[in-house]
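Note sheet for the following structure.
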Amino acid sequence: DLLPPDERRAWYVNANRRAMELAAAETKRSVVLDRSIASTLAFGAAERGDVASRGEVPADFPMPDLLVLLSVPEATRRTRHAGRREGATPEERRLAEDHGFRVRVEAGYRALCDVVIEVVGKQWPLDLAGELVAEGGRLVVGGYHQDGPRQVNMQMWNWKGIDVINAHERDPQVVRGG
C-alpha cells in the first residue's frame, strides 16, 4: 500500500485477475470473492476524483460469480480498528475522514453491482443494499426481517428501475428442487 496510487491499483488489478484465474482453475465451480476488480476500480477512480464505470472493466477480465461486500455498523468498525496493532489502513482512514472520497467509492460500487443480496435482516443493510444496487439491477432480500416492519426508499428504487426479489421460498417442492 506504500506504492504510488497508479502503481498500487495496477498491482491490485493484476492480483485480482490472478486470484480469479487460480480460483476458477482450481475449483471448477462458482467463484465467490470478498475483493475483486469492483473494489480496485471503485477505490482507484475515487483516488483520481472520478467514479468507476463498467467501461473500465477489461473485456477479458474473469469476473467472480459472487462478490461479497462486508458492511458493518460504524461502532463495530471502530471496535475492530481499535483491536488492530496497526489501526486503520490509509484507505479506511480516508473513507472515514473524506466525505467526497467515500461518496465516489460508493458510487463506483453502485455502477458495478448488478445484483445485491441483503442477508442481514436489519433496516440499515436493507437501506445500504438499495443504495448499492445499480440502475436496472436486482436487489435480493434474503435477510430474516422479523423484528418489525421495514421502510424503504421506494422513490429511489422506482427511479433506479430495480427488480426486488424475495429469497424466501415457501413452496417445499421448489425448495427441494433447488
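Can you pull out every residue in the range 48-57 that is in a helix (DSSP H, G or I) and either open to solvent by less than 50 Å² (accessible area, probe 1.4 Å) or out of contact with any helix residue (DSSP H, G or I) (no Cβ under 6 Å at 6 or more places or on another chain) (or both)?
Filtering the range 48-57 down to residues in a helix (DSSP H, G or I) leaves 54-56.
Matches in the range 48-57: R54, G55.
When the residues of the range 37-91 are filtered to those that are of a type in the set (S, T, N, Q) and within 24 Å of A129 (Cβ to Cβ), which remaining residue is modelled with the lowest pLDDT? Spell out the reasoning first.
At the first step, the residues of the range 37-91 found to be of a type in the set (S, T, N, Q) are 39-40, 53, 71, 76, 79, 89.
From what is left, the residues that are within 24 Å of A129 (Cβ to Cβ) are 39-40, 53, 71, 76, 79.
Numbers: S39: 81, T40: 84, S53: 87, S71: 68, T76: 78, T79: 79.
Out of the qualifying residues, it is S71.
Can you tell me which residues in the range 129-163 are under 24 Å from M63 (Cβ atoms), open to solvent by 50 Å² or more (accessible area, probe 1.4 Å) and out of contact with any strand residue (DSSP E or B) (no Cβ under 7 Å at 6 or more places or on another chain)? Steps first, answer last, please.
First, the residues of the range 129-163 that are under 24 Å from M63 (Cβ atoms): 129-142, 160-163.
Among the residues that remain, those that are also open to solvent by 50 Å² or more (accessible area, probe 1.4 Å) are: 131, 135-136, 138, 163.
Across the range 129-163, the qualifying residues are E131, E135, G136.
Out of (1) in a loop (DSSP other than H, G, I, E, B); (2) within 25 Å of S39 (Cβ to Cβ); (3) among the small types (G, A, S), the odd one out for G148 is which?
(2)
The values are calculated or read from the model by the stated rules, or taken from the named source; none is laboratory data. Because the structure is a prediction, the values reported are computed rather than measured. Positions of Cβ are backbone-derived with ideal geometry, glycine not excepted, and every protein chain shown enters the neighbour counts. The accessibility values were calculated without ligands, DNA or RNA, using every heavy atom of the protein model including side chains. Shrake-Rupley method; radii C 1.70, N 1.55, O 1.52, S 1.80 Å.
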